[in-house]
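The values are calculated or read from the model by the stated rules, or taken from the named source; none is laboratory data. Remember, it's a predicted structure, so these values are computed and weren't measured experimentally. No Cβ is skipped: glycine too gets one built from the backbone with ideal geometry, and neighbour counts run over all protein chains shown.
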Amino acid sequence: MTLSPHPIVPWTADEVAKTLRAYGLGEPIDIQAEDGWDCGRARCRVRTASGEWFVKKHHPAVVRREAHAVVAAFRARGGLAPEVMALPDGATWYDAPGGDVVEVQRLVPGMAPGVASDEVALAAMAQVAILHGLSVDLVPRGLRGWYDLAEYVAVGTKVVERFRAVGLPTDEIAALVAEEAAGIPWAGDDALIHGDLWRCNWVADEGRIAALTDFDYVHRSGRLDDVCDVILAFCSERDTAYGALPFIAPPAVVAGPRAAAMLAAYERARGPLSPQERAALPAVLRSQWFRHRIGVLDDARDEREFHEFRAAAERLLMARRVVEGICAAIR
């Protein structure tokens with residue numbers, strides 16, 4: 001039985017069962033594969049007599065073993081993250097056939113935040129503040145996040161061409177691409193950051209934040225990367241797929257005050273932003289918004305989907321105005 005059509009990391013029920021035995025967690029009663037694949041990982045949710053588990057199989061090229069030390073330190077400080085299970089010998093990685101590696105986490109009940117309240121948004125920012133209190137020495141220099149400037153500028157250029165093809169004005173989106181290509185002001189690399197704080201990496205349950213997940217891109221960078229990432233995740237529709245209804249899309253009248261409250265909460269916990277960080281804040285917000293939304297627009301692959309592109313593109317420009325409102329509110 002094949003659980004995922006992953007072209008790099010094949011995934012079978014027998015392999016899942018073998019993994020669970022290695023961790024001493026019992027035989028699988030129910031296995032639910034996650035649709036699709038990304039970044040050299042295959043994933044599934046498994047129920048056994050001993051509990052419910054989230055199992056991830058990684059291609060060796062994308063393994064970031066430092067993430068487990070970060071998760072342990074984060075949890076020790078009161079951070080909400082899934083428990084990473086250890087093998088009987090104390091190791092956290094199981095070497096699967098073919099050279100892949102597998103990790104098992106205790107499943108946290110809940111789902112990605114839907115219509116988030118101010119309280120949930122502030123609770124998410126509190127988790128980021130805890131993470132930024134960890135020693136940067138937990139991760140070595142040289143690790144990078146998922147974002148590649150040249151790749152996303154190329155995607156942006158292609159989206160400009162698609163705007164033109166459907167008769168949309170291109171001046172504004174072309175200006176966004178040019179702004180991204182010019183780079184953002186340097187605002188330090190002295191923080192340990194999560195690097196991927198979009199809404200689907202948060203678990204909410206009964207109106208509260210239950211967990212922050214997916215620490216696979218932890219690295220050293222400026223703390224503004226995470227601060228702006230989580231503000232946009234909870235104050236705009238940046239993370240919404242091009243053909244989907246937004247999880248949360250507060251109008252500017254809500255987004256600005258919420259963003260200002262989130263930033264103020266962060267500064268109370270971790271200290272005020274430096275003048276250099278404060279000056280760079282609008283540019284980092286715009287860049288974080290650009291890198292997530294431009295990829296979403298590029299997801300329309302064929303003619304059947306293309307008719308939805310125009311409406312999605314118009315939403316992009318409307319959402320950008322919300323971002324500008326956020327920038328104005330937190331300067």
Q | So Asp229, is it buried (at least 20 other Cβ atoms within 10 Å of the Cβ), assigned by TED's automatic domain parsing to the domain that holds Val155, modelled with pLDDT of 90 or more and not basic (Lys, Arg) | A | yes
Q | Members of the stretch 161-180 that are of a type in the set (A, V, I, L, M) and farther than 21 Å from Val284 by Cα | A | Ala165, Val166, Leu168
Q) Quick check: anything in the stretch 154-175 out of contact with any Pro (no Cβ under 8 Å at 6 or more places or on another chain), under 30 Å from Glu267 (Cβ atoms), touching a residue at least 12 places away in the same chain (Cβ under 8 Å) and in the same structural domain as Trp289 (by TED's automatic domain parsing)? A) no
**Q.** Matching residues in the stretch 216-229 - criterion: being closer than 15 Å to Phe74 by Cβ and among the β-branched types (Val, Ile, Thr)
**A.** Val218
(Q) With the structure loaded, tell me whether Val203 is touching a helix residue (DSSP H, G or I) at 6+ places or on another chain (Cβ under 6 Å) and either crowded, with 19+ Cβ neighbours inside 10 Å or more than 26 Å from Ala280 (Cβ to Cβ) (or both) or whether it fails that test. (A) no
Q: Check whether at least one residue in the stretch 32-45 is part of a strand (DSSP E or B), within 30 Å of Arg141 (Cβ to Cβ), modelled with pLDDT of 70 or more and not aliphatic (A, V, I, L, M), and report yes or no.
A: yes
Q: Could you pull out the residue among Gly133, Gly142, Gly156 that is of a type outside the set (A, V, I, L, M) and on the phi > 0 side of the Ramachandran plot?
A: Gly142
